[in-house]
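The values are calculated or read from the model by the stated rules, or taken from the named source; none is laboratory data. Here the structure is a predicted model, which is why all the values come from computation and not from measurement. A quick note on method: Cβ atoms are made from the backbone with ideal geometry, for glycine too, and the neighbour counts reach across all protein chains shown. Note: areas computed on protein heavy atoms with side chains; ligands, DNA, RNA excluded. Shrake-Rupley method; radii C 1.70, N 1.55, O 1.52, S 1.80 Å.
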Amino acid sequence: MSRQTPATPDVVSAPEMPSASRGKRFAAMMYEGVLLFGVVFTADYLFDTLTQSKHALMFRPGRQVWLFIAIGAYFLLCWHRGGQTLPMRAWHIKLVAANGLRPSFNQLLARYVLMWPIPLAGMALIYALVLITGWPAIYTFAIVTPFLIFIPSWFSSDGQFLHDKLAKTRIVDIPEHLRHAAKHKKAT
């Protein structure tokens, strides 16, 4: 692997790429949810076909591992290819290493694994509340668990997610002049 120079498009200087706003990250997450429906549906259909399962509770642990891998493959492929998923492109944000370079595969894998504990803790809390109260309607609040990752960002000076800090990555806003340069380069 060759060493990157400042002329390489993957190199980002901190002043050129400010941290993406929480609003843009939230909007990208909402859009991501729509796309993940297709990823999960396709992966689950493939799982059901291969295992001949008749309903979602059959082979549940295996299904959960399979979906974790399928969702991970989606994110890792998108992030590794260009630092962006389709929603991130739409909102002009990009995943980079903390030093501004392209993240390594190990950083991307760490980021993916580390983004799960907070939402899963939220889901465990909801599950406990259902057991305590006997009100299954509380499961409705599961819809907010992915957004719990924003809570630690309010206590961070740069507003980055906790899993980004731990994986030494960051989500940056792509400035207008760099967007136009990329469009011009693509057109030529």
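For the condition of a type in the set (Gly, Ala, Ser), touching a helix residue (DSSP H, G or I) at 6+ places or on another chain (Cβ under 7 Å) and open to solvent by less than 90 Å² (accessible area, probe 1.4 Å), what is the one hit in Ala90, Ala73? Before the answer, list the steps.
Numbers: Ala73 fails: touching a helix residue (DSSP H, G or I) at 6+ places or on another chain (Cβ under 7 Å).
After ruling out the rest, the residue left standing is Ala90.
Every condition in (1) loosely packed, with under 15 Cβ neighbours inside 10 Å; (2) of a type outside the set (Gly, Ala, Ser); (3) touching a Leu at 6+ places or on another chain (Cβ under 6 Å) is met by Pro119 except one, and the failing one is (1).
Against the definition (loosely packed, with under 14 Cβ neighbours inside 10 Å and in contact with a strand residue (DSSP E or B) (Cβ under 7 Å, 6 or more places away or on another chain)), how does Asp173 come out, yes or no? For Asp173, the condition - loosely packed, with under 14 Cβ neighbours inside 10 Å and in contact with a strand residue (DSSP E or B) (Cβ under 7 Å, 6 or more places away or on another chain) - is not met. Taking the criterion of being assigned to a loop (DSSP other than H, G, I, E, B), more than 9 Å from His163 (Cα to Cα) and touching a residue at least 24 places away in the same chain (Cβ under 8 Å), the residues of region 100-115 that qualify are Gly100, Leu101, Arg102, Pro103.
Close Cβ contacts (under 6 Å, 6 or more residues apart or on different chains) running from residues in region 146-172 that are hydrophobic (A, V, I, L, M, F, W, C) to residues that are in a loop (DSSP other than H, G, I, E, B) comprise Ile149/Phe161; Ile171/Ala20; Val172/Met17; Val172/Ala20.
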